[in-house]
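The values are calculated or read from the model by the stated rules, or taken from the named source; none is laboratory data. Fair warning: this is a prediction, and the values are worked out from it, not measured in the lab. As a convention, Cβ positions derive from the backbone with ideal geometry for all residues, glycine included, and neighbour counts pool all protein chains shown.
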Amino acid sequence: MTPELSAPAWLWIPVTIWAAFAQTVRNAAQRSLTAELGTLGATLVRFLYGLPFAGAWFWAVHAWTGEAAPGPNAVFWAWVGLGAVSQIAATALLLRAMQERNFTLGVAYSKTEILQVAVIALVFLGDPITLATGIAVLAGTLGVLLLSPADRERPFRAMLAGWTTRASLLGIASGTAFALAAVGFRGATLALPGAGFLIAAAATLFAAQLVQTALLGGWLAAREPAVIGKAARAWRASLLAGFMGAAASAGWFTGLALAPAAHVRTLGLVELVFAYILSLKLFREKLSRLELAGMALLLVGVATVTLGR
């Protein structure tokens with residue numbers, strides 16, 4: 001029995017919405033750390049300070065469900081490794097895209113992750129692309145691109161004309177790596193036969209954060225050891241980012257254990273809705289016509305993937 005068969009069919013929806021909300025809070029908490037630690041240092045905080053919370057969640061799920069901790073196998077670790085390395089690589093590629101002259105175009109192309117994850121999950125995991133899924137993915141992708149266009153006057157012409165630039169290719173590669181990460185983590189949860197969805201997701205989360213902390217922490221220790229010291233001294237601010245990062249990841253991993261990656265990542269776009277609502281409330285900003293169109297398409301994608309599964 002796979003994990004997604006041992007839970008109500010609708011459970012992935014509130015779990016994914018929680019993940020998107022927790023990620024919004026984590027991003028806000030991480031923003032203040034980026035100036036002090038740099039982007040990679042703030043990313044390390046997410047894994048390093050999130051690891052104890054991921055371990056605590058794994059223990060709590062084990063104690064609550066009474067399930068024995070699943071015995072990881074070679075296939076599980078292969079999927080975890082793919083997800084962990086891909087997520088770090090995606091962040092690095094996105095940073096490189098942002099360093100290019102036309103970084104906005106690169107960032108826009110990274111949003112094609114939603115489109116790419118549907119294809120990659122079909123190839124590697126056999127997750128089907130139904131008509132509803134296809135509509136949701138396309139609507140969600142177009143909506144995100146309209147919300148963060150490279151050219152507000154001619155968004156689609158800019159995308160089509162600039163796809164061969166270095167920035168756009170880095171952005172596409174970043175989106176591919178993010179898609180591979182989602183597929184890798186879903187594959188890991190499905191590689192624990194007989195395990196319930198909660199314990200499978202919790203085990204995958206703990207293993208992934210352990211690998212990511214070791215890889216990124218080791219790289220920074222060798223290349224930029226001063227960042228490690230700064231992260232240690234900023235432990236108070238880092239705890240909130242670590243906790244919310246682990247909480248968000250627990251939601252993402254549980255959602256991926258319950259539903260196809262394309263569904264989870266498309267519904268996860270509600271994170272942008274939360275961010276825009278927060279912006280409207282705090283700064284009383286108004287949405288442009290382009291942003292309203294993007295938000296409408298995004299909501300179409302979210303509604304379709306939620307109701308049309």
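Quick rundown of the values:
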item: Close pairs (7 angstrom Cβ cut-off, 6 or more residues apart or separate chains): under 16 Å from residue 213 (Cβ atoms) in the stretch 71-85, surrounded by 15 or more Cβ atoms within 10 Å (Cβ to Cβ) and among the hydroxyl-bearing types (Ser, Thr, Tyr) anywhere; result: 80/204
item: Among (1) touching a residue at least 24 places away in the same chain (Cβ under 8 Å); (2) in contact with a helix residue (DSSP H, G or I) (Cβ under 6 Å, 6 or more places away or on another chain) - the single one residue 273 does not satisfy; result: (2)
item: Answer from 307, 278 - the residue that is at pLDDT below 90 and farther than 25 Å from residue 50 by Cα; result: 307
item: Conditions (1) in a loop (DSSP other than H, G, I, E, B); (2) under 15 Å from residue 186 (Cα atoms): number failed by residue 68; result: (2)
item: Filtered residues of the stretch 221-234 (kept if within 26 Å of the chain's Cα centre (by Cα) and under 17 Å from residue 35 (Cα atoms)); result: 224, 227, 228, 230, 231, 232, 234
item: Residue list for the stretch 4-25, restricted to those being in a helix (DSSP H, G or I), closer than 20 Å to residue 266 by Cβ and either at pLDDT below 75 or of a type in the set (Lys, Arg) (or both); result: 4
item: Residue that is modelled with the lowest pLDDT [pool: residues in the stretch 96-131 that are among the hydrophobic types (A, V, I, L, M, F, W, C), within 19 Å of residue 182 (Cβ to Cβ) and surrounded by fewer than 17 Cβ atoms within 10 Å (Cβ to Cβ)]; result: 129
item: Of all residues making up the stretch 107-137, the number that are on the phi > 0 side of the Ramachandran plot and assigned to a helix (DSSP H, G or I); result: 0
